[in-house]
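Written below as structure tokens is the structure these notes are about.
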Amino acid sequence: MSQPGDGATSVWDDATWAAWGVGLVEPLLDPYDRVADLEAMRLQARSERLRAVTLLAGTLTDLLDSLPDQDPWRHLDPETFGSYRDGLDLVPTEATEIREDIGLAALARPLGRDAARLMRACVHGWESAAHDASGFEDPVPLLVRAVTWATWRRRAYLGEDNYPVLVVFSWLRRAALIAGGGELDDDQAHQQMRASAKIVDDVV
């Protein structure tokens, strides 16, 4: 049986990142595959740092921008944000063990101040988040956790939601362009996708 990390490669492979993106909305993926994909992403980021950070920061920014304008997660304080309590406004609970609460289990492990700071940086655009993330020796786990939390927030509003996967797929192409020395043209398809995914304030 393969073990976590088997087959991990430092050569960039879109399929690894795409599989991780699918895992944002599909809870039944094999746990060994999830661990292996994350390890491969970390290895690939060592040689393709700009590409990896751009992809993840762009994904995170688009997800947070899709939340209602007044959602507190768009204006968070990194010094106090990052526990399951930050989700209680949408998903109240009476559970004493959050890991056993199906609505909040994804937030059971505290986010951590560094990941919260990257979420806060998205207020100023994906470039700001990418710049801040580049200051960390190993930015992938921080950004991945932040993306997971942002995905949870959308799900708390909407239930089943495939937008996170579409965002990852879109940023795969955009990150490759940036890493190759190109510039984003904010193509119409990407902007239309962002607009159609926007959650209006009166959903809940």
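The values are calculated or read from the model by the stated rules, or taken from the named source; none is laboratory data. A quick note: this is a predicted structure, and the numbers were derived from the prediction, not measured. Quick reminder, even Gly has a Cβ in these numbers, built from the backbone with ideal geometry, and neighbours come from all protein chains shown. Quick note on the areas: whole protein, heavy atoms, side chains included, nothing else; ligands and nucleic acids left out. Shrake-Rupley method; radii C 1.70, N 1.55, O 1.52, S 1.80 Å.
Per residue, the solvent-accessible area of region 39-96 (1.4 Å probe, heavy atoms of protein chains only, all protein chains present) comes to 45 Å².
For the chain, averaging the sequence separation of C-alpha pairs within contact (under 8 Å, six or more residues apart) and dividing by the residue count gives a relative contact order of 31 percent.
With coordinates expressed along the principal axes, the C-alpha atoms belonging to region 27-79 extend over 37, 30, 23 Å, beginning with the largest. Within the full protein context, the accessible area of residue 53 is estimated at about 10 Å² for a probe radius of 1.4 Å. Carbon-plus-sulfur fraction of the accessible area of the chain, 1.4 Å probe, in percent? Here carbon and sulfur together make up 51 percent of the probe-accessible area.
Each eigenvalue of the Cα gyration tensor of the chain, multiplied by 5 and square-rooted, gives one semi-axis; in descending order these are 25, 21, 16 Å. For residue 96, the accessible area of its heavy atoms, probed at 1.4 Å with every protein chain present, is near 140 square angstrom.
Ranked from largest to smallest solvent-accessible area, with a 1.4 Å probe on the protein heavy atoms, 200, 91 come out as 200, 91. The slack between residue 35 and residue 169, meaning 0.36 nm per residue of separation minus the straight C-alpha distance, is 46.2 nm.
In the context of the full protein assembly, residue 124 retains an accessible surface of approximately 140 Å², using a probe radius of 1.4 Å and ignoring ligands and nucleic acids. Using a simple spin-label model with pseudo-atoms 7 Å out from Cα toward Cβ, residue 189 and residue 124 lie 3.2 nm apart.
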